[in-house]
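Here's the structure we're looking at; comments come further down.
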Amino acid sequence: MHRSTPSSRAGKAVQDSGQAVRASAARTLVPVITAKGSLADLDDHQVVTRDRALFRAMCYGVCRTLPRLEALAAQLLKTPFKARDADIQALLLLGIHQLLYMRIPAHAAVGETAGAARLLGKEWATKVLNGCLRRLQRESAALQAEVDRDPGVALLHPRWLLQALRQAWPDDWRAIAAANNEPGPMTLRINRRRGDREAYLARLIDSGHEARLCNHSPDGLVLDTPCDVQALPGFSEGDVSVQDEAAQLAAELLGPVLAPRPGGRVLDACCAPGGKAAHLLELFDVDLLALDSDATRLARVEDALARLGLSATLLHADATQRDWWNGTPFDAILLDAPCSGSGVVRRHPDIKRLRRQSDIPKLVELQSRLLDNLWPLLRPGGSMVYATCSVLREENDEQIEAFLARTAGAIATTPQELSWGRPVGDGRQLLPEPESHDGFFYARLKKQG
Ligand SMILES: C[S@@+](CC[C@H](N)C(=O)[O-])C[C@H]1O[C@@H](n2cnc3c(N)ncnc32)[C@H](O)[C@@H]1O
C-alpha cells in the first residue's frame, strides 16, 4: 500500500497549486481570447496568495503575445479545438507562453499546464497538450521562424493596428510596437497636499523600494520593481496613487488656467476612474464637477477621492447631452475622451484582441460630439484641455484641427515649449517609451472672450 509521507504530500500540494493557477489563468483568459471580455477586472483572489504574481504574469503575458501564441498553436494542432474547448486552447497558449517567454523550468511548464486540463474536467486534453508542448520544445526554432514571416505575428500586433501605427508614424511605428510589447513601469503620483516627492522618495527607499523621479511630471516617481499598492508607505492614508507619467501631464496644461482663479468652476467630463480629477484636486483649490456615463467606474472615483481626502461633485451622466447642466458656465473643462487606447496597449494588452478597426471611426465621431456638446458650456475666456491615450492621429491632432475649423472663437493655446512629447498640429503627442511614459495626446483650447 502506498502511504503518503509529509514530503510527498508537500510535493503534491505544490504540484496541485501549479495546476490550479494554470487552470484559473485559462478560465480567466477564455473571455479575452474569444473577444467577449477584458482583463480589466482580473481577480487574483481565485488563486493562493503565493501564486498571485505568477497568475497575473501569465494572464497579461498571454494577452501581450497572443498573435504569436495563436499562430504557433495553429502550427501545433492538427485540427483546431472546438469552440466549447476554448479553455483548453487557453491552456495551450499558456503552455507556449511559459516555454517561450517565462523563466519556468520546461518540465513544469509542460507537465503542470497539461495536468491543469484535469482540473477543468477535460482529462482527454492532457495528452494533446503534452504532445503539442513537447513538439514545440523539439522544433522551437523552426516553428518560430515559420510564424514570424508574418510581421503582425513577429511584432505581436493585429495586422490592422500595425498598419494604423505605420501610417500615423512612418518613422516610429516599430519603436511604438516594441514599447507596446513590454510591460510599462509602475509610476506613482504623490499627493502634494500631504508632502513632496523628495520626502516620499526617501520613505520609499527606507521601506526597501528602489525608485527614481519622473523626468517630466513634477509629482511623479517610477518604481524599479512593481509592487502591491498596499506595500507603498502611506497608500491607505492617501499619500500616493498609481498613475502613469503621461496622464499626470494634464495638470501641467491646466495649471496656468486654474492656479490664478482659486475656487474656479471646473468640469471633468469623462472622469472615471478619477486619476486626473484627483491630481487636479491635489494641486488646485477648485470646485470640480466630475462626470462619467459609467456608474461602476464612477464608484471608483468616489473611492479614490475618499482615500485621498479630496472632494468633488460626482455625477452619473452623458457628456454628449446637456440635460444635467445647471446653466452656469465652467472656467475650465477637461475632456479626457474615450478613445482607442492605442497609447496604453502595454498596460491593457487585451486591447490587441478586443479593439476592432471598425471601432476607430465610431470613437472619432463620439469624440467630436463630446467636443461640440461641451464647448458651449465654457465661459468666454475659459479653456478646455482635450486628451486621449491614443497615438492615432484621427483621434488627436486631426480631431482638433477639424474642431477648430468648424468652431468660431476657439483657438489653440497648447504651449510650444514643453519638456515632453512632440508638437503635432495644434497639440502635443507623447509616444509610449519603455521604462517611461505611455502614449498620450493633449491639446489646450481657449474660448476667445
Ligand atoms: C479615458 S477614460 C477617462 C480617464 C479619467 N479621466 C482618469 O484620468 O482617470 C474615458 C471615460 O469616458 C467615459 N465616457 C465614455 N463616454 C462618455 C459619455 N458619453 N459621457 C461621459 N463619460 C463618458 C468612460 O466611461 C470612461 O470612464
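What the table below lists for this structure:
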read-out: Residue within region 332-352 that is in a loop (DSSP other than H, G, I, E, B), more than 10 Å from the ligand (Cβ to nearest atom), open to solvent by 10 Å² or more (accessible area, probe 1.4 Å) and more than 30 Å from residue 153 (Cα to Cα) present; value: no
read-out: Region 256-276, subset assigned to a helix (DSSP H, G or I) and modelled with pLDDT under 95, residue least open to solvent (accessible area, probe 1.4 Å); value: 258
read-out: Single residue of region 431-449 satisfying the filter (farther than 12 Å from residue 343 by Cβ and under 20 Å from the mean Cα position of the chain (by Cα)) that is surrounded by the fewest Cβ atoms within 10 Å (Cβ to Cβ); value: 435
read-out: Criterion violated by residue 357 - all others in (1) within 14 Å of the ligand (Cβ to nearest atom); (2) touching a residue at least 60 places away in the same chain (Cβ under 8 Å); (3) within 30 Å of residue 42 (Cα to Cα) satisfied; value: (1)
read-out: Selection within region 134-178 - of a type in the set (D, E, K, R) and touching a residue at least 12 places away in the same chain (Cβ under 8 Å); value: 134, 135, 146, 148, 150, 172, 174
read-out: Cross-chain or 6+ apart pairs with Cβ under 9 Å, region 257-273 first and under 12 Å from residue 314 (Cα atoms), then more than 6 Å from the ligand (Cβ to nearest atom) and hydroxyl-bearing (Ser, Thr, Tyr); value: 272/296
read-out: Residues within region 405-425 that are among the basic types (Lys, Arg) and either open to solvent by less than 40 Å² (accessible area, probe 1.4 Å) or part of a loop (DSSP other than H, G, I, E, B) (or both), tallied; value: 0
read-out: Enumeration of residues in region 301-323 that are open to solvent by 40 Å² or more (accessible area, probe 1.4 Å), more than 9 Å from the ligand (Cβ to nearest atom) and assigned to a loop (DSSP other than H, G, I, E, B); value: 309, 311, 322, 323
read-out: Evaluation of residue 172 against (1) out of contact with any Asp or Glu (no Cβ under 9 Å at 6 or more places or on another chain); (2) farther than 22 Å from residue 434 by Cβ (one fails), failing number; value: (2)
read-out: Yes/no for residue 285 being in contact (Cβ under 8 Å) with a residue 24 or more places away in the chain and among the acidic types (Asp, Glu); value: no
read-out: Criterion violated by residue 428 - all others in (1) open to solvent by less than 50 Å² (accessible area, probe 1.4 Å); (2) touching a residue at least 60 places away in the same chain (Cβ under 8 Å); (3) assigned to a strand (DSSP E or B); (4) more than 21 Å from residue 365 (Cβ to Cβ) satisfied; value: (2)
read-out: Matching residues in region 360-376 - criterion: being away from the ligand (no atom under 13 Å from the Cβ), open to solvent by less than 40 Å² (accessible area, probe 1.4 Å) and more than 21 Å from residue 156 (Cβ to Cβ); value: 364, 375
read-out: Residue match in region 206-218 (condition: open to solvent by less than 30 Å² (accessible area, probe 1.4 Å) and in contact with a helix residue (DSSP H, G or I) (Cβ under 7 Å, 6 or more places away or on another chain)); value: yes
read-out: Some residue of region 285-293 being within 11 Å of the ligand (Cβ to nearest atom) and either open to solvent by less than 10 Å² (accessible area, probe 1.4 Å) or within 14 Å of residue 251 (Cα to Cα) (or both); value: yes
read-out: Whichever residue in region 32-61 is assigned to a helix (DSSP H, G or I) and either out of contact with any helix residue (DSSP H, G or I) (no Cβ under 9 Å at 6 or more places or on another chain) or assigned by TED's automatic domain parsing to the domain that holds residue 225 (or both) and, among such residues, is nearest to residue 86 (Cα to Cα); value: 60
read-out: Criterion: touching a Gly at 6+ places or on another chain (Cβ under 7 Å), in the same structural domain as residue 335 (by TED's automatic domain parsing), hydrophobic (A, V, I, L, M, F, W, C) and outside any strand (DSSP E or B) - qualifying residue of 400, 360; value: 400
read-out: Tally of residues being open to solvent by less than 30 Å² (accessible area, probe 1.4 Å) and either closer than 29 Å to residue 311 by Cβ or in a strand (DSSP E or B) (or both) across region 157-196; value: 6
read-out: Boolean, residue 281 is of a type in the set (A, V, I, L, M) and not in a strand (DSSP E or B); value: yes
read-out: Residues satisfying the stated conditions in region 77-95, i.e. open to solvent by less than 10 Å² (accessible area, probe 1.4 Å) and over 14 Å from residue 28 (Cβ atoms); value: 88, 92, 95
read-out: Considering residues of region 88-135 that are more than 15 Å from residue 54 (Cα to Cα) and among the polar types (S, T, N, Q) only, the residue nearest to the chain's Cα centre (by Cα); value: 89
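The values are calculated or read from the model by the stated rules, or taken from the named source; none is laboratory data. Note that this is a predicted model, so its numbers are computed, not measured. Cβ sites come from the backbone with ideal geometry, for glycine too, and all protein chains shown count toward neighbours. Heads up: the accessible areas ignore ligands, DNA and RNA and are worked out on the full protein's heavy atoms, side chains in. Shrake-Rupley method; radii C 1.70, N 1.55, O 1.52, S 1.80 Å.
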